[in-house]
Amino acid sequence: AELYRAEEPAVLRGSRAGQERLIGHILEHELAGSTRGRFLALDETGRPVGTASVRFAGDAGPPAMPPGLFMAAVRAVGLGDALRFFGYVLRGSLSSETTLRRGECYIYSVVVREGARGRGVGTALIE
C-alpha cells in the first residue's frame, strides 16, 4: 500500500489495514498470472521494496480488474473511498494508449520504498 500511495498519491484512502487488503487483492490477481507487466522487488524477508508496471508490445491495453474488486474495495476502505479509487481507475482506462512496435514497452511506473533507494532496486526492476 505504501508503494501504491507513492505511485498514485491521494488515490488510495481509508484505513492503512484496509488499503493493504485492497492492494493485496489486486496483487494476488496480477501475480497469479492472469495479467503481465507488474514486477515486484522483495527484500531478504520477502517484504516488497519496489514495484514496476510495464505494458509490452502486443498487450491489449491496461490489465483487466480482478474479479470482485469493487466489493473487496468497499469492504476494505468503505464506499466513498472505493468510488474515488474506481473513478481514478476508470479515468486511466479511458485514456489513449501509446502504440508500441515489436521490441518496445511502455513503463507506467517504477516505485522504490524510500529506505531501499540508492541500492539498485529501480535499475533491477527496469532491466
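We did not get these values from a lab; they are worked out from the coordinates using the rules stated. None of the values given here were measured: they were computed from a predicted structure. Here the Cβ positions follow ideal geometry from the backbone for every residue, glycine too, while neighbour counts run over all protein chains shown.
For the listed peptides 111-122, 13-24, a ranking on the average number of other beta carbons within 10 Å per residue, highest first, reads 13-24, 111-122. With the crude spin-label approximation of a point 7 Å out along Cα→Cβ, what separation in nm comes out for residue 98 versus residue 59? Output for this residue pair reads 1.2 nm. Take the Cα of residue 11, step 7 Å toward its Cβ, do the same at residue 109, and the gap between the two points is 0.5 nm.
For residue 50, nonlocal amide neighbours, meaning residues 5 or more places apart or on other chains whose placed amide H falls under 5 Å from its own, are 41, 113.
Which FRET efficiency value, to the nearest 0.05, is calculated for residue 20 and residue 90 with the Förster distance at 22 angstrom and r the Cβ-Cβ distance? Efficiency, rounded to the nearest 0.05: 0.45.
Quick one: length gained pulling residue 40 to residue 79 fully straight, 0.36 nm per residue minus the C-alpha distance? Kindly include the intermediate steps, with their values, before the conclusion.
Numbers: separation 39, 0.36 × 39 = 14.04 nm, distance 2.85 nm.
Working it through step by step, the gained length comes to 11.2 nm.
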